[in-house]
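To start, the structure itself, in structure tokens.
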Amino acid sequence: MSGDSKQINKSAIRNFAIEARNILMKSAVTEAGFYGVTRDEIKSPVQKGRDFEVYETLAGTEKRIFDSDIKRRAALVEAVRQKGFDEVIEETAYTWFNRLIAIRFMEVNNYLPFRTRVLSSDSGSLTPDIVSRSLEVDLHLTDRELESIQKAKDDNQYDEAFRILFIKTCNELNEILPGLFEKTDDYMELLLKLPYTSDGVVRMLVDTIPENNFNVSEGGQVEIIGWLYQYYNTEPKAKAFAKKGKITKEEIPAVTQLFTPDWIVRYMVENSLGRLWAEHLLANGDSRSEQEIANDFGWKYYLPEAEQEPEVHAQLVKIRADRKSLNPEDILCLDPCMGSGHILVYLYDVLMQIYREDGYSERDAARSILEHNLYGLDIDDRAYQLSYFAVLMKARQYDRMILKKHIQPKVYSIQESNTVNRDQLKYFGADMSEIERNNATNQLTGLLDVFIDAKEYGSILNVERYDWELLRRFVENDRVEGQYAFDAIGIDQNQKQLQKLVDVGEAMALKYRSEE
């Protein structure tokens, strides 16, 4: 990991993260109220036409909505009914927070595919470049979107123009970072109020956190993402500890999350992965001592193994017999509670050293590490988003084309099977034989049983080794007989849940021990 954590302005980061959460949540509550949705009530429309609906707002005024906003409002109502109002607001706030941080990191490091700043300006102007250069930016804007942006500018509503462009940016980034930038054509758009002209979240982010904290060429580092994540959880953590009674499943991430300092991360990685590779080199006749190897790699926290009794030494030699034939692609590294990915990022750096030592180019190694070596798990969806982003940004440091290769890191948020509609399993495996379908159904049912209430247990769950290729084929092929099959409603969402569970299950079933 490059850089020094002392350069990070932790006070500014803490103040921003706490205040940004409060602003985004209050804003989401206010916006929901404009559509007749509050913590206490979901209002029916006071007027309804073929292409519009009218709702009474908290202020006693009326809000008229059209077209796609009607669908988004319906999705908001359904989400509130399923998850609860507070959970929807929390989810909306942290989703936009994570995306803001990601876009800030990418614009500072010139990683955005359209090479235009979204939250700030190269010239130092208070107007973001994406607003002042909206006609030049390759965002695949539709004629309708261009008209809306131009009208907002003509009406001096620059914040609205910025909002449209920001959402469009997030949807464009879905192409290269789908794990963080899911398509946002849903209720979260309704709940986003993101001005740049006032003292809001955007100005705070740009003005209060030094830009070099994000810039990897100026000593910045991906580590800042972890600190932002920790401080974002400050108030939820305090609230959970202050209450009387049992910590709920939803509160576990906040109360257990603690950012691991850089020196501890280095100590852990250098004396596990580093030791594994040092033993490989020594087994193949490397003339250097163990400490000399560590010094050459720059592993400051590496501790040579203590001298062992002859019997213990003999057992270790036997256990480590496979070290000699070890290839970089054979190494499996797992962080079972990855948080924001701090350990994964340093694992990536050390793996890159190992690949280079073995003769790989940085470009080939950057891809191979994502495909073969790194795995991460967490019970917190927002932590997953940040780990996913941090690992890909680390890969981007070594290969500037990596994001265009659409390689997805093997980091996952552990999902629960509680809401999976098992009755719909009969619609999957459409192109498989009856024997294969029955086999896949039985295996998938067993996997679903394991993941009931999984966010309470996390990575301690014991997952058997299923036929993962069979399960993927089964889940990816669905067919509904009859256009209006009532019991097939929601099958697309069900399919997404099943695909995630298969991915998580396979990662948890692997053995991360070199001797096996």
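The values are calculated or read from the model by the stated rules, or taken from the named source; none is laboratory data. Keep in mind that this is a model prediction, so the values were computed, not measured. Virtual Cβ from ideal backbone geometry, glycine too; neighbours counted across all protein chains shown. SASA here: full protein model, heavy atoms, side chains in, ligands and nucleic acids out. Shrake-Rupley method; radii C 1.70, N 1.55, O 1.52, S 1.80 Å.
Restricting region 22-74 to residues that are open to solvent by less than 50 Å² (accessible area, probe 1.4 Å), part of a strand (DSSP E or B) and of a type in the set (A, V, I, L, M), which is nearest to residue 94 (Cα to Cα)?
By that ranking, first place goes to 37.
Residues of region 413-440 being among the charged types (D, E, K, R) and part of a helix (DSSP H, G or I), which ones? Steps first, please.
Initial filter on region 413-440 (among the charged types (D, E, K, R)): 416, 422-423, 426, 431, 434, 436-437.
Listed by number, the residues that qualify are 422, 423, 426, 434, 436, 437.
If a residue must be under 22 Å from the mean Cα position of the chain (by Cα) and open to solvent by 10 Å² or more (accessible area, probe 1.4 Å), how many such residues does region 347-371 contain?
Looking only at that region, the number is 4.
Listed here are the residues, each with its yes/no results for (1) of a type in the set (Gly, Ala, Ser); (2) open to solvent by 50 Å² or more (accessible area, probe 1.4 Å); (3) assigned to a helix (DSSP H, G or I).
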{"position": "375", "(1), (2), (3)": "no, no, no"}
{"position": "386", "(1), (2), (3)": "no, no, yes"}
{"position": "396", "(1), (2), (3)": "no, no, yes"}
{"position": "403", "(1), (2), (3)": "no, no, yes"}
{"position": "408", "(1), (2), (3)": "no, yes, no"}
{"position": "411", "(1), (2), (3)": "no, no, no"}
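Being closer than 30 Å to residue 295 by Cβ and in contact with a strand residue (DSSP E or B) (Cβ under 6 Å, 6 or more places away or on another chain) is the filter here, so list the residues in region 351-390 that pass it. Before the answer, list the steps.
The initial filter retains those residues of region 351-390 that are closer than 30 Å to residue 295 by Cβ, namely 351-370, 372-376, 390.
Hits for region 351-390 are 373, 374, 375, 376.
So for region 76-84 (the condition being over 25 Å from residue 175 (Cβ atoms) and acidic (Asp, Glu)), does at least one residue qualify?
Yes, the conditions are met somewhere in region 76-84.
Where in region 223-311 are there helices (runs of 4 or more DSSP H), lying fully within it, with 3 or more residues that are open to solvent by 40 Å² or more (accessible area, probe 1.4 Å) and over 30 Å from residue 355 (Cα atoms)? Even if it seems obvious, please write down each step before you answer.
Numbers: elements: 223-232, 234-242, 252-256, 262-270, 273-283, 290-297.
Output list reads 234-242.
Given the conditions (1) loosely packed, with under 15 Cβ neighbours inside 10 Å; (2) outside any helix (DSSP H, G or I), and given that residue 82 satisfies all but one, which numbered condition is not satisfied?
(2)
Any residue that is open to solvent by less than 70 Å² (accessible area, probe 1.4 Å), part of a loop (DSSP other than H, G, I, E, B) and either at negative phi or in contact with a strand residue (DSSP E or B) (Cβ under 9 Å, 6 or more places away or on another chain) (or both) - is there at least one of those in region 445-459? Explain how you work it out, then say what you get.
Going through region 445-459, the residues open to solvent by less than 70 Å² (accessible area, probe 1.4 Å) turn out to be 445-448, 450-451, 453-455, 458-459.
If we keep only those that are part of a loop (DSSP other than H, G, I, E, B) as well, we get 451, 453.
Adding the requirement that they be either at negative phi or in contact with a strand residue (DSSP E or B) (Cβ under 9 Å, 6 or more places away or on another chain) (or both) leaves 451.
So far as region 445-459 goes, yes, one or more of its residues are open to solvent by less than 70 Å² (accessible area, probe 1.4 Å), part of a loop (DSSP other than H, G, I, E, B) and either at negative phi or in contact with a strand residue (DSSP E or B) (Cβ under 9 Å, 6 or more places away or on another chain) (or both).
All but one of (1) closer than 11 Å to residue 179 by Cα; (2) of a type outside the set (A, V, I, L, M); (3) out of contact with any strand residue (DSSP E or B) (no Cβ under 8 Å at 6 or more places or on another chain) hold for residue 400; state the number of the condition that does not hold.
Exception for residue 400: condition (1).
Going by the structure shown, is residue 334 outside any helix (DSSP H, G or I) and over 25 Å from residue 216 (Cβ atoms)?
Here the answer is yes, as residue 334 does meet what is asked.
Go through region 460-476 and give me each residue that's open to solvent by less than 50 Å² (accessible area, probe 1.4 Å), more than 22 Å from residue 384 (Cα to Cα) and not in a helix (DSSP H, G or I).
466, the sole residue that qualifies.
Return yes or no: is residue 143 over 25 Å from residue 388 (Cα atoms) and open to solvent by 40 Å² or more (accessible area, probe 1.4 Å)?
Values: over 25 Å from residue 388 (Cα atoms): yes; open to solvent by 40 Å² or more (accessible area, probe 1.4 Å): yes.
So residue 143 passes the test.
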